Every structure is written in structure tokens, then in C-alpha cells.
Amino acid sequence: MQKLTPAGQNIVSDISNRYRLSNEAVTHMLVAVNNGGGSMAQFSCPELGGSGQWMRGGMTMVGDMFNHGLKMTVDNLCSELSDALANTQVFPTIPAGTPGSNQWWPSEYGSPFSSGAQNNTRYAIFPGRLAVELNGQVTVYDTLNHNIGGVSQQQGGDTSLKFSSQFGTVSVNQLPIISGSVTGVPPVQTNFAEPVFDQAAETAPYVDNNQTQSNNPKPTHTSSDEVINLIEKLAKLRDAGALTEEDFNIKKMDLLARI
């Protein structure tokens, strides 16, 4: 059962006695009204006719649609629970900076200038910092000199996080970590103003299982998707008159050479 404050328990007990309902039923309705922001509720309570809906000042629907007495009971009950939620601390407050709180990021960062959520991921952007909560685990990244415009989660097999900045689209996992960790994906501490490459990988030859030298080309410096995204951005600048056709072609050739 949902945890309640002592004041919340008193309210549930009082309403339960007056409406002749069990504490469990009243608590269920209390949670439903709370989830609806105090103005609506969707519930499934056997003691109140099964599934139903309630809207403050609007229509109340119950399983027994012709039972007007039950409709009135649900409307009065939900209205009273809504008032209780508005005037009383019914549920315990989850401390800021802890999982389950609306302010899930470290409390010392204050309020973000942008935040969002997608699937099982939430993010909050602060000056010089990016906080990401993935499956309840919070990781804080140093955003370096990026001006982050938004964070997105890739769909399909690749569910990695990426963000957009003045340098294009960048993987979140390639920012330095301030706190927390990313399991199995070590960060690359680098500035994405320049292309990223691994010097050790450039100089060390690849040896296959038969200890023979591989003729494979050197690893790519920049992924083709990132290059395509950058070229598309350059094309928009050209179309807007910010770049000449000659400048666009020079920069495009430079980007294609990185693949």
C-alpha cells in the first residue's frame, strides 16, 4: 500500500469511516486523484463498482452507469480527496537529489535551464553540466564548450544517448564524467571541437587470430552519420546565405575526408 504521512493516514481513516469504505479503497482513490493532478482520476476499485473515471466539475463514470447514487458517492469522495491533497501533506516528501524525486539530479545544481524525458531516460541541462538518469542511475557529465540544445535516445538496436550542440550531433558517452558511471561504456575525455581518434589505435597494427598482419584500413575518425548530419547543417547555412557555394564545397570535402 502507498505510504502516507500521519496526517494522510488520519484523512484516509476519517473518510473511510464516513463513506463506509475500506482504508485500501480510499487509499486507492487517493492515489488515483493524486496521479490526475487533483482534477481527475482513473480508478479500478471493486467497492466503487469497478473501473471508472472522475473529473472535477465534469462527468463521473462508474461501472454501473445507471447507479446515480454511486456516481454521487464517487464525485463527493474524489472532490474531498482532491481538497485534502491541496491542503495537506498526504504523501511523504522524497528528498531532492534522490531517485523517485521530481528533482532527481544533485541538489547543488539548482534548477536546470532545460530538461526532458524519453522512455526510461531523463536529462537535465545546467551551465557546464549535463545530468542523465538511466534506469534510476544518475550520471553527471562535463559539457566542455558545448552549448547543448537537446538530448535524444536512439531507437532500435542502438539506444545510446546523443545531444546536439554547435559542433553537430555528439554521443553523450564521450563527455567526461563528473559523478556516477556508465556501465560498460568508458567515456572519452575529449573536446568535440576537433575530430576524435585514438592515437594508440593509429600506431598499433591489428593482428588476427593467426598472428598475421591485417591489411584493413585505419579506423575512421568520425562516423558517417555524424558527417552526414554536419553536411546537412552546412547545406542549411549555405541555403540561408551564411556560406558561399565555394565555402560549402570546401567544408564538405573536408568532412568527407574524415570518413
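Can you list the lysines whose alpha carbon sits under 17 Å from that of LYS251, skipping same-chain ones fewer than 8 residues off?
By straight Cα distance, LYS251 reaches LYS233, LYS236.
May I ask for the net charge around GLU47, where only other residues with Cβ less than 13 Å from the Cβ of GLU47 are counted and Lys, Arg are +1 while Asp, Glu are -1? Mind showing how you got there, number by number?
On the way: positive: ARG20; negative: GLU24, ASP64.
Charge balance in the 13 Å sphere: -1.
Compute the distance in nm between two label points, each set 7 Å from the Cα along the Cα-to-Cβ direction, one at SER224 and one at SER13.
Roughly 6.9 nm, to one decimal.
How far, in nm, would the chain grow between PHE113 and ASN135 when pulled straight, counting 0.36 nm per residue and subtracting the alpha carbon separation? Spell out each step's value before the answer.
Working: separation 22, 0.36 × 22 = 7.92 nm, distance 2.26 nm.
Working it through step by step, the gained length comes to 5.7 nm.
Using the Karplus curve 6.51 cos²θ - 1.76 cosθ + 1.60 with θ = phi - 60°, work out ³J(HN,Hα) for each residue of segment 3-9 in order, rounded to whole Hz, and write x for Gly and Pro.
Karplus-based 3J(HN,Hα) across segment 3-9 equals 6, 10, 6, x, 5, x, 5 Hz.
So if each residue of separation counts as 0.36 nm, and I subtract the Cα-Cα distance between LYS251 and ASP142, what length gain in nm does that give?
Details: separation 109, 0.36 × 109 = 39.24 nm, distance 2.83 nm.
Length gained, LYS251 through ASP142: 36.4 nm.
Which value, in debye to the nearest 20, describes the size of the charge dipole of segment 6-87 about its Cα centre when Lys and Arg Cβ atoms bear +1, Asp and Glu Cβ atoms bear -1, and nothing else is charged? Before the final figure, lay out each step's value.
On the way: 4 positive and 7 negative charges, 17 e Å.
Charge dipole, segment 6-87, about its Cα centre: 80 debye, nearest 20.
Would you list LYS3, LYS71 from fewest to most Cβ contacts within 10 Å?
Values: LYS3 9, LYS71 20.
The fewest-first ordering by Cβ neighbours comes to LYS3, LYS71.
None of the figures in this text is laboratory data; all of them are computed from the coordinates on show. Remember, predicted model here, so these are calculated numbers, not experimental data. Neighbour counts are summed over all protein chains in view; Cβ atoms, including those assigned to glycine, are modelled from backbone coordinates with ideal geometry.
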